[in-house]
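Participant: Pasting in a structure now, in structure tokens, and then I'll have a few things to ask.
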Amino acid sequence: MSIRVFTGRARAPADARNAGVALGVLDGVHRGHQVVIAAARREGRALGAAVFEPHPRHYFRPDSPPFRIQNAAQRVRALEAAGVAFVFQMAFDRSIAECPADDFARTILAEEIGAAHVSVGADFQYGKDRGGDVRTLARAGETLGFTVSVTPPVLDGGQRISSTAIRALIGEGKVADAAALLTRPFAIEGEVITGAQRGRTIGFPTANIGLSDYVRPKYGVYAVRTKVDGAPVNGVANVGVKPTVGAAPEPLLEAHLFDYTGDLYGKTLEVDLIAFLRPEQKFESFDALKAQILTDADAAKRALA
């Protein structure tokens, strides 16, 4: 059975109740999150995840720079890969932001989701003004009829694995290090849009995708991999604002896919950033840019070999 996603606020159906539920934002579904999910799985019940969409930071700090590691669809797929059967995707709005901790546990976890077990990380906080923590959640569970497990921080090389740490790696261009913590490459997913089409005039057509709410990778050139109609395709991509041809108003991912000649406009692609090759730079001429693109393509093929 494929994963089922319940959006909004409503009483979960009978077959989704009494699950072991991993609770949190879970942006990235990284190795730390996977341990929280595994703790919920150990209860031997159906496995669920309760997440917020949009990310609470959008509510509390609407002017924050883009910071997401995944969009909602990518998170659902990562949760499914981790064995989750039910996703309770709660709209993070005023009703949740101002919900006292006790009401959150009673109304959302016990009454609406009907959780039998709730698994959280050690730093989990919830409720209005972050009035609840793992201790208050455990006490609430004793009253409301669900058990609680608390997962200690997961370390890598002595450093705590977190979405914040992964965002920092992506911003530094260290996408291979980020992938090790995510257990999959950082990937930008979006609809292919029409660009200036300069690349096709020099034999390097590109699929252009906006960066949307994703954390901004270090601007530069990457070896990338995607799937087109289910088939893997390697390529090279520039992420940034194209300073040589006139800075773009918004940054784009421009991917040239090797040995692919089909029409991609309107398709949704998920592009994995596999390796950082060089920073974005401004060239003195279009010919110099073209020569560098050839060099970048060779470097990407070596990195992807």
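Coordinate-derived values only; no laboratory data. What you are looking at is a predicted structure, and each value in this text was computed from that prediction instead of being measured. Virtual Cβ from ideal backbone geometry, glycine too; neighbours counted across all protein chains shown.
Participant: With N denoting the number of residues in the chain, provide Rg(C-alpha) divided by 2.2 N^0.38 Å, to two decimal places.
Facilitator: Relative to the rule-of-thumb radius for its length, the chain sits at 1.12.
Participant: Got a sec to turn the phi values of the range 164-174 into Karplus ³J(HN,Hα) couplings, 6.51 cos²θ - 1.76 cosθ + 1.60 with θ = phi - 60°, whole Hz, x for Gly and Pro?
Facilitator: Values per residue, Gly and Pro as x: 4, 5, 5, 4, 4, 4, 5, x, 8, x, 8 Hz.
Participant: Continuing with the same structure: Could you please state, rounded to a whole Å, how far the C-alpha centre of the range 228-305 is from the C-alpha centre of the range 11-87?
Facilitator: 32
Participant: Among DSSP beta bridges whose residues both lie in the chain, state the antiparallel percentage, nearest 5.
Facilitator: Antiparallel bridges: around 60 percent, rounded to the nearest 5.
Participant: In degrees, nearest 10, range 0 to 90: what is the angle between the Cα axis of helix 286-304 and the longest Cα principal axis of the chain?
Facilitator: Helix 286-304 sits roughly 50 degrees off the main axis of the chain.
Participant: Give the long-range amide H neighbours of Val148: residues separated by 5 or more places, or on another chain, with amide H under 5 Å away, using H modelled in the peptide plane at 1.01 Å from N.
Facilitator: Amide H neighbours of Val148: Val118.
Participant: Moving on to the next point. Using only helices, what value at 222 nm comes out for the chain when you add -39,500 (n - 2.57) per DSSP H run of length 4 or more and divide by the total residues, to the nearest 500 deg cm²/dmol?
Facilitator: Value at 222 nm, helices only, nearest 500: -7500 deg cm²/dmol.
Participant: How much of the DSSP bridge set in the range 1-154 is antiparallel, in percent, rounded to the nearest 5?
Facilitator: Percent antiparallel among DSSP bridges in the range 1-154 is about 5.
Participant: Find, among the GluC sites (Glu not before Pro) in the range 71-126, those assigned to loop by DSSP (not H, G, I, E, B) with at most 16 other beta-carbon atoms within 10 angstrom.
Facilitator: Glu98
Participant: Another question about this same structure. Between Ala288 and Arg130, what is the label-to-label distance in nm when each label sits 7 Å out along the Cα-to-Cβ direction?
Facilitator: Output for this residue pair reads 4.8 nm.
Participant: Okay, next question. Specify the angular offset, from 0 to 90 degrees and rounded to the nearest 10, of the alpha carbon long axis of helix 134-144 from the longest principal axis of the alpha carbons in the chain.
Facilitator: Here the helix axis deviates by roughly 50 degrees.
Participant: When Lys and Arg each count +1 and Asp and Glu each count -1, what net charge do the other residues less than 15 Å away from Arg139, Cβ to Cβ, add up to?
Facilitator: -2
Participant: Continuing with the same structure: Quote to one decimal, in nm, the extra length available between Ala81 and Ala138 on full extension: 0.36 nm per residue of separation minus the C-alpha distance between them.
Facilitator: Here the answer is 17.7 nm.
Participant: A further question on this structure: Quick check on the range 81-220: of the DSSP beta bridges with both residues there, what percent are antiparallel, nearest 5%?
Facilitator: Roughly 45 percent of the DSSP beta bridges within the range 81-220 come out antiparallel.
Participant: Using a cut-off of 24 Å between alpha-carbon atoms, which lysines can reach Lys218, once sequence neighbours fewer than 8 places away in the same chain are excluded?
Facilitator: Correct list for Lys218: Lys174, Lys227, Lys242, Lys282, Lys290, Lys301.
Participant: With Cβ to Cβ distances under 10 Å as the rule, what net charge do the other residues near Val150 carry (K, R +1; D, E -1)?
Facilitator: -1
Participant: List the residues whose amide H sits under 5 Å from the amide H of Arg4, counting only those 5 or more places along or on another chain, with H placed 1.01 Å from N in the peptide plane.
Facilitator: Phe86, Val87
Participant: Per the Kirkwood treatment, what hydrodynamic radius in Å, one decimal, follows for the range 4-159 from the mean inverse distance over all distinct Cα pairs?
Facilitator: It works out to 15.5 Å.
Participant: Can I ask one more? With r as the distance between the Cβ atoms of Asp229 and Asp102 and R0 = 51 Å, compute the FRET efficiency 1/(1 + (r/R0)^6) and round to 0.05.
Facilitator: Approximately 0.50, to the nearest 0.05.
Participant: If you build a Gaussian network model of the chain, linking Cα atoms that sit under 10 Å apart, which residue out of Phe60, Phe276, Phe186 swings the most?
Facilitator: Phe60
Participant: Collect residues whose amide H, placed 1.01 Å from N in the peptide plane, falls under 5 Å from the amide H of Gly121; neighbours closer than 5 in sequence don't count.
Facilitator: Counting only residues 5 or more places away or on other chains, the set is Thr151.
Participant: Under unit Cβ charges (Lys, Arg +1; Asp, Glu -1), what dipole magnitude, rounded to 20 debye, does the chain have relative to its Cα centre?
Facilitator: So the magnitude is around 340 debye.
Participant: Could you give the angle, 0 to 90 degrees to the nearest 10, between helix 31-41's Cα long axis and the longest principal axis of the Cα atoms of the chain?
Facilitator: Once rounded, one gets 40 degrees.
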